[in-house]
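Each remark here refers to the structure printed beneath this line.
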Amino acid sequence: MAQSQSTATSAREVVEPSSDETEFAFFSGKGGVGKSTVSCATATWLADNDYETLLVTTDPAPNLSDIFGQSIGHEVTAIDGIENLSAIEIDPDTAAEEYRQETIEPMRELLDEEEIQTVEEQLNSPCVEEIAAFDNFVEFMDSPEYDIVVFDTAPTGHTIRLMELPSDWNAELEKSQRPNSNHATSSPQWAVRHSNSMLNG
């Protein structure tokens, strides 16, 4: 009786880019399993093999700086001694403040003080950190200057929450669009729509 043969996929086949488009490698799992170590090793191997590589950590308690022995932080930073490799540690607080400024500044000349205050109060919500982190996350999903982006993700629960955000936002937007919804006039989404209507006359 003939036995079926399983075809094993090598680690190289999994992570090595195979097209002209930017590709992505995700390392996820519960805390303490070695995600950062493996993602750093993989990113270094890719860079050593002439792939322009960006290593991104979404972990609120990153340790890429410790692993590479240099300061990295919230800005994309070239890794010393490793050509083709850059890294960034997304800082939730910095990302949230950047998101607040990017959201509120275009509205200041269009909304009155009461409306601006409402938006600012909404943007002080703890969930803004999640939104801002996802905003950064998506930004790196569209990075044509790199052959591959390697993600060193936060522990499983945090990462699942990050991935669920788009569907949660969609539900929130649908709620805000319901007739006679108080929510519709007390959210940043409402302020953006209101600004657009004023701009369009």
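The values are calculated or read from the model by the stated rules, or taken from the named source; none is laboratory data. Quantities reported herein were computed from a predicted structural model and do not represent experimental measurements. Note that we place each Cβ from the backbone using ideal geometry, even for glycine, and neighbour counts take in every protein chain shown.
A quick yes/no check of all residues on (1) at pLDDT below 75; (2) surrounded by fewer than 13 Cβ atoms within 10 Å (Cβ to Cβ); (3) of a type outside the set (Asp, Glu):
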residue	(1), (2), (3)
103	no, no, yes
107	no, no, yes
131	yes, no, yes
144	no, yes, yes
152	no, no, no
174	yes, yes, no
180	yes, yes, yes
190	yes, no, yes
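Among residues of the stretch 30-51 that are closer than 9 Å to residue 84 by Cβ, those with a beta-carbon under 8 Å from a residue that is of a type in the set (Ser, Thr, Tyr) and modelled with pLDDT of 95 or more at least six positions away or on a different chain give the pairs 46/53; 47/53.
Among residues of the stretch 58-74 that are more than 15 Å from residue 154 (Cβ to Cβ), those with a beta-carbon under 6 Å from a residue that is among the small types (Gly, Ala, Ser) and buried (at least 16 other Cβ atoms within 10 Å of the Cβ) at least six positions away or on a different chain give the pairs 72/87.
Counting only helices (runs of 4 or more DSSP H) wholly contained in the stretch 26-110, the ones carrying 1 or more residues that are over 18 Å from residue 139 (Cβ atoms), under 17 Å from the mean Cα position of the chain (by Cα) and of a type in the set (S, T, N, Q) occupy 35-48. For residue 80, the conditions (1) surrounded by fewer than 18 Cβ atoms within 10 Å (Cβ to Cβ); (2) within 22 Å of residue 135 (Cα to Cα); (3) at pLDDT 85 or above are fulfilled apart from (2). Checking each residue in the stretch 1-18 for being at pLDDT 75 or above and either assigned to a helix (DSSP H, G or I) or under 23 Å from the mean Cα position of the chain (by Cα) (or both) picks out 12, 13, 14, 15, 16, 17. Looking across the stretch 120-129 at every residue that is surrounded by 15 or more Cβ atoms within 10 Å (Cβ to Cβ) and modelled with pLDDT under 75, the one that is nearest to residue 59 (Cα to Cα) is identified as 129. Looking at this structure, is residue 65 surrounded by fewer than 18 Cβ atoms within 10 Å (Cβ to Cβ) and of a type in the set (Ser, Thr, Tyr)? Yes; evaluated as a whole, the condition is true for this residue.
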